[in-house]
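Each remark here refers to the structure printed beneath this line.
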Amino acid sequence: MTVQVGYFTPFYERMAAEQLPDIFIRNFAYYYDQLAAGDDGMMPEESIVPVQALLDADMLPQDLDAVGQEAVARTVIIKLNGGLGTGMGLTGPKSLLKVKEGLTFLDIIARQAIGIGSPLLLMNSFATDRASLDVLSHYPELQQALPLSFLQHKQPKVSVVDLNPARFPDEPELEWCPPGHGDLYVALATSGMLERLLDSGIEYAFVSNADNLGAVLDTRILGHFASRQLPFLMEVADRTPADRKGGHLARRADGQFVLREIAQCPPEDMNAFQDISRHRYFNTNNLWIHLPTLQSVLVGREYRLGLPMIRNRKTIDPRDPNSMQVYQLETAMGSAIEVFEGAQAVRVPRTRFAPVKKTEDLLAVRSDAYTLTQDYRVVLAPERGGSPPTVELNGDHYRFVSDLDAHFPFGAPSLRCCDRLLVEGEFRFGQGITLRGDVRFRNTNGKCRVVPDGLTLENVEWPEGSVV
């Protein structure tokens, strides 16, 4: 089956010139058709029903652990590893950022996989593949018959003005964008990786983001997934005020689960979207997939799952808010929950969701509020009681990793017993600093202020010294 060109010709010619697979071009054409027809990809509140209760992973029977252990050899760990971390000022793969005890995300992921005994597979971008595989080459235990990576696709950005391919001659690479992590399913097929996994006897996939250090293969959840013969399972966690903008789980009127992202919410429904008592669960992006079912569904749908479109309006140069307005047509990996008949969701503890999206997250993970276990799991310290510290670094002084390192040259202060750290204004932190309870640093004089070595603060604002 080939793509029907015509009005789509400019896109087809560009994508064919880049030797993108015909299957992927047809998928992009499917979403472009929706855009051209005026579809904004919205999912109104009236079209969905809140989810009231779910199976709790902590309540799963212990004997499922043995079932999961038996299935480990038939399970692949897939990590989404396409990001460059440009939002944190990085120029290389985000997964190569050091996060704990001198180890990078990828070092920790590799060591986890070796300890578990499942093959590891990265979904890389063209920008992250070589550097990431260089790191994995230092782990001979990972060398396997299967490749260690496959590549996600790229697609043209669309001009908002005329819906033609966006042009940016100064930096042509900015004319392209990733199609969202929903590309996972098609990329597995077009790369030949899905067929190779199945031929190797791999039945199950555990998929998660490379920057989520809480996403470790759990054999009890795997045992539940395998024993129930589920086609698809999404891990969700309780929403908190910090998660109001994250995609939430819901149901259609027919009872089928759906995922709604904030970009799919009409403005008039935003209050309902952000009501965490109404929509109680958010998608951790930890997913379990039965690969034979995925293959069957892909073939039956001619390799077009038809995931809901997310129309993201951005500027062609993300660094320049005055540059051309473009649409990026994306899909969410978790939205496949509505494609598979019998797909389920399971409530998991917050510890399985510890992503590093901003420098605040990085500072918290680098601190003693988190520990690295002998089997290379990054977990909250016992004193935390299962709740991570809230870290707020306000201002551009801490926006990039290089800025963070310059202002915390001796590493993170002790946050093991800190509930909230708020920093407003510029500070340079010394070594041996311990923070407890609610601690706030405020500096309004425009000059960098030094926080002295060995300082211990508890429930106080510094330097004024007022009790919080």
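Compare Glu203, Glu18, Glu268 by solvent-accessible area with a 1.4 Å probe and give them largest first, with all protein chains kept in place. Spell out each step's value before the answer.
Values: Glu203 55, Glu18 85, Glu268 140 Å².
The ranking, largest first, comes out as Glu268, Glu18, Glu203.
Using the Cα centre of the chain as origin and beta-carbon charges of +1 (Lys, Arg) and -1 (Asp, Glu), tell me which of Val135, Tyr376, Leu64 is placed farthest towards the positive end of the dipole. Final value for the positive-end residue is Tyr376. Considering only alpha-carbon pairs that sit under 8 angstrom and 6 or more positions apart, the relative contact order computed for the chain is 17 percent. Over 25 Å apart at the Cα level, from the set Lys94/Lys447; Lys100/Lys154; Lys98/Lys154; Lys100/Lys157; Lys94/Lys314, are Lys94/Lys447; Lys100/Lys154; Lys98/Lys154; Lys100/Lys157. For Tyr281, the residues whose amide H sits under 5 Å from its own are Arg239, Leu249, ignoring neighbours fewer than 5 places away on the same chain, with H placed 1.01 Å from N. Normalised by residue count, the range 168-256 yields a Cα convex hull volume of 215 Å³ per residue. Solvent-accessible area of Trp288, all protein chains in place: 0 Å² (probe radius 1.4 Å, heavy atoms, ligands and nucleic acids excluded). Amide H contacts of Trp462: Arg440, Phe441, Arg442, each under 5 Å away and 5 or more positions distant or on a separate chain (H built 1.01 Å from N in the peptide plane; Pro and chain starts excluded). What the phi angles of the range 114-122 give under the Karplus curve with 6.51, -1.76 and 1.60, with θ = phi - 60°, is a coupling list of 4, x, 6, x, 9, x, 10, 9, 9 Hz, glycine and proline written as x. Under a 5 Å amide H cut-off, with hydrogens placed 1.01 Å from N, Thr104 pairs with Val99 among residues at least 5 apart or on other chains. As a size descriptor, the averaged projected area of the C-alpha convex hull of the range 259-316 was calculated at 6.4 nm². Charge dipole (Cα centre; +1 on Lys/Arg Cβ, -1 on Asp/Glu Cβ; no other charges) of the range 1-114 amounts to roughly 680 debye.
With contacts taken as Cα pairs under 8 Å and at least 6 residues apart, the range 233-343 reaches a relative contact order of 30 percent.
Once you have the Kirkwood Rh of the range 1-149 from its Cα pairs, apply Stokes-Einstein at 4 °C and 1.567 mPa s and quote D in µm²/s.
Details: Rh = 19.8 Å.
D = 66 µm²/s.
The HN-Hα couplings worked out from phi for the range 73-89 by the Karplus form 6.51 cos²θ - 1.76 cosθ + 1.60 (θ = phi - 60°) are 5, 9, 10, 9, 9, 10, 10, 6, 9, x, x, 9, x, 4, x, 9, x Hz, whole numbers, x standing for Gly and Pro. Using alpha carbons only, how many degrees (0 to 90, rounded to 10) separate the axis of helix 291-300 from the longest principal axis of the chain? Orientation of helix 291-300: about 40 degrees from the principal axis.
Taking the Cα centre of the chain as origin and charging only Cβ (+1 Lys, Arg; -1 Asp, Glu), how large is the dipole, in debye to the nearest 20?
Working: 46 positive and 60 negative charges, 83 e Å.
Dipole magnitude for the chain comes out near 400 debye.
Spin-label pair Cys417-Thr373: with each label point 7 Å from Cα along the Cα-Cβ axis, the two points sit 2.5 nm from one another. With a 1.4 Å probe rolled over the protein heavy atoms of all chains, the accessible area of His407, His290, His181, His248 falls in the order His181, His290, His407, His248, largest first. In terms of overall dimensions, the C-alpha atoms belonging to the chain reach 70, 58, 49 Å along their principal axes, ordered largest to smallest.
Taking 37 °C and 0.692 mPa s as conditions, the range 86-157 diffuses translationally at an estimated 249 µm²/s according to Stokes-Einstein applied to its Kirkwood radius (Cα pairs).
Sorted from greatest to least, the principal axis extents spanned by the alpha carbons of the range 345-420 come out as 38, 27, 24 Å. Using just its DSSP H runs of length 4 or more, each adding -39500 (n - 2.57), the chain gives a mean residue ellipticity at 222 nm of -6000 deg cm²/dmol after division by all residues. The phi torsions of the range 451-456, fed into the Karplus equation with coefficients 6.51, -1.76 and 1.60 and a -60° offset, translate into couplings of 8, x, 4, x, 6, 10 Hz, rounded to whole numbers, with Gly and Pro shown as x.
The range 262-307 and the range 97-117 have their alpha-carbon centroids 29 Å apart. Within the same chain, aspartates and glutamates fewer than 8 places from Lys357 are excluded, and of the rest, those with a Cα less than 14 Å from its Cα are Asp211, Asp243, Glu392. Subtracting the Cα-Cα distance of Glu302 and Gln144 from their residue separation scaled by 0.36 nm leaves 53.8 nm.
The values are calculated or read from the model by the stated rules, or taken from the named source; none is laboratory data. Note that the coordinates shown come from a computational prediction; the quantities given were computed from them, not determined experimentally. Reconstructed Cβ throughout: ideal geometry from the backbone, glycine too, with neighbour counts over all protein chains shown. We work out accessible area using only protein heavy atoms, side chains counted, and drop any ligands, DNA or RNA first. Shrake-Rupley method; radii C 1.70, N 1.55, O 1.52, S 1.80 Å.
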